[in-house]
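I have placed the structure first, in the form of structure tokens, so that the comments after it can refer back to it.
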Amino acid sequence: MSIELVLGFLIAHLLIDNLPGKRFILPLLVLPAVTNPIVVGFIWRVIFNPAYGPVNQIIGAMIGRPFEQLWLSNQGVALIAIIIVEIWQWTPFMFLVMLAGLTGIDPEYYEAAAIDGASRWKMLLWITIPVMRPIIVIALLIRGLDIIKLFDLVYVMTEGGPGTATETVSHYIYVLGFEFFRMGYGAAAAYLLLIVLSILVALLLRRLSREGV
């Protein structure tokens, strides 16, 4: 999530100016975020395939010898593969949010800081980040809740495996109810998750309102 935020912020900073080809770059950047997670999961299953997937082929070409990594069948690597896909799909969301925030900052702030001799780093530290803090917090809140309820991508790519290496709370609830047929436990876990999320959101929003965010 933090990697998505940093990457989205950097890309937004890069594209906020009139970059050549911006009209064509923007749709390509947004494409992963509007793609169905089920489709994304199937695409990346092929990409990470150890036999004919392009990832192993590219790495093998770079190191000059065959490279065989079981990306989705290795307990130490499967979670990393899921994280890579999540970053690829949802960095564009962070980019759009950050771009909207950056375009809303009054240019006079930067002009006044430039007159006072402030460097770009100081402008970022003392103008951009404080002004965008509410937007950053809300973006992190949305993505945090989305990660907690992550199911479809994990189900398609690894089904929570190998073992329980990539199992999420939502997938665990699904397994309880629809594979082990423990409907009561599954329903109780779902309600517990809903209660915990509601409390966390309420506490966070309460704190933000106190801080005037």
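For the stretch 31-40, state whether one or more residues are over 27 Å from PRO162 (Cα atoms), at pLDDT below 90 and not polar (S, T, N, Q). Give the steps one after another, and end with the answer.
Here is the first cut: in the stretch 31-40, the residues over 27 Å from PRO162 (Cα atoms) are 31, 34.
Narrowing further to those that are at pLDDT below 90: 31, 34.
Filter once more, keeping what is not polar (S, T, N, Q): 31, 34.
Looking for residues that are over 27 Å from PRO162 (Cα atoms), at pLDDT below 90 and not polar (S, T, N, Q), one finds at least one in the stretch 31-40, hence yes.
Taking PRO50 as meeting all but one of (1) surrounded by fewer than 12 Cβ atoms within 10 Å (Cβ to Cβ); (2) in contact with an Asp or Glu (Cβ under 6 Å, 6 or more places away or on another chain), write down the number of the exception.
(1)
Assess whether VAL6 counts as being of a type outside the set (D, E, K, R), within 14 Å of the chain's Cα centre (by Cα), at pLDDT 90 or above and loosely packed, with under 15 Cβ neighbours inside 10 Å.
Working: of a type outside the set (D, E, K, R): yes; within 14 Å of the chain's Cα centre (by Cα): yes; at pLDDT 90 or above: yes; loosely packed, with under 15 Cβ neighbours inside 10 Å: yes.
When the stated conditions are applied, VAL6 passes them.
Would you point out which residue out of PHE67, PHE95 is under 30 Å from THR164 (Cα atoms) and aromatic (Phe, Trp, Tyr)?
From the options PHE67, PHE95, the qualifying one is PHE67.
Taking helices (runs of 4 or more DSSP H) that do not extend beyond the stretch 1-104, which have at least 2 residues that are of a type in the set (Val, Ile, Thr) and within 22 Å of LEU150 (Cβ to Cβ)? Show your work before the answer.
Values: elements: 2-15, 22-30, 37-47, 54-63, 75-103.
Once the helices (runs of 4 or more DSSP H) in the stretch 1-104 are filtered for at least 2 residues that are of a type in the set (Val, Ile, Thr) and within 22 Å of LEU150 (Cβ to Cβ), what remains is 2-15, 37-47, 75-103.
Name the pairs: first residue in the stretch 164-182 and farther than 18 Å from ILE83 by Cβ, second residue among the polar types (S, T, N, Q), Cβ to Cβ under 9 Å, at least 6 apart or on different chains?
Once the first residue is farther than 18 Å from ILE83 by Cβ and sits in the stretch 164-182, its partners that are among the polar types (S, T, N, Q) give TYR172/THR164.
Kindly state which helices (runs of 4 or more DSSP H) lie completely within the stretch 129-213 and contain at least 2 residues that are within 22 Å of the chain's Cα centre (by Cα) and within 30 Å of LEU102 (Cβ to Cβ). Quick ask: steps written out before the conclusion?
Details: elements: 129-148, 152-157, 169-178, 183-210.
Filter on the stretch 129-213 gives 129-148, 183-210.
Looking only at residues in the stretch 155-176 that are under 10 Å from GLN75 (Cβ atoms) and touching a Ser or Thr at 6+ places or on another chain (Cβ under 6 Å), which one is surrounded by the most Cβ atoms within 10 Å (Cβ to Cβ)? Explain how you work it out, then say what you get.
Our first condition is that a residue be under 10 Å from GLN75 (Cβ atoms); within the stretch 155-176, this holds for 161-166.
Retained after the next criterion (residues that are touching a Ser or Thr at 6+ places or on another chain (Cβ under 6 Å)): 162, 166.
Values: PRO162: 16, THR166: 24.
Here the answer is THR166.
Condition first: of a type in the set (Phe, Trp, Tyr) and farther than 23 Å from ASN36 by Cα. Now tell me which residues in the stretch 119-154 satisfy that.
Scanning the stretch 119-154 gives TRP121, TRP126.
Conditions (1) over 26 Å from GLY161 (Cα atoms); (2) buried (at least 16 other Cβ atoms within 10 Å of the Cβ); (3) without any contact (Cβ under 8 Å) to a residue 24 or more places away in the chain, marked per residue:
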| site | (1), (2), (3) |
| --- | --- |
| ILE11 | yes, yes, no |
| ARG45 | no, yes, no |
| ALA61 | yes, no, yes |
| THR91 | no, yes, no |
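Looking at the stretch 183-213 only, could you name the residues that are touching a residue at least 24 places away in the same chain (Cβ under 8 Å) and within 30 Å of VAL77 (Cβ to Cβ)? Walk me through it before giving the result.
Going residue by residue through the stretch 183-213, those that are touching a residue at least 24 places away in the same chain (Cβ under 8 Å) are 193, 197, 201, 204, 208, 213.
Passing the criteria: LEU193, LEU197.
If the Cβ limit is 6 Å and pairs must be 6+ apart or interchain, which residue in the stretch 95-108 that is touching a residue at least 40 places away in the same chain (Cβ under 8 Å) pairs with which residue that is surrounded by fewer than 20 Cβ atoms within 10 Å (Cβ to Cβ) and assigned to a loop (DSSP other than H, G, I, E, B)?
Qualifying pairs under 6 Å: LEU102/ILE16.
Just one of ASP152, ASP116 is acidic (Asp, Glu) and surrounded by 14 or more Cβ atoms within 10 Å (Cβ to Cβ); which is it?
Numbers: ASP116 fails: surrounded by 14 or more Cβ atoms within 10 Å (Cβ to Cβ).
So the residue among ASP152, ASP116 that is acidic (Asp, Glu) and surrounded by 14 or more Cβ atoms within 10 Å (Cβ to Cβ) is ASP152.
The values are calculated or read from the model by the stated rules, or taken from the named source; none is laboratory data. Predicted model, so just to flag it, every value in this text is computed and none were measured. Using ideal geometry, Cβ is built from the backbone for each residue, glycine included, and neighbour counts are taken over all protein chains shown.
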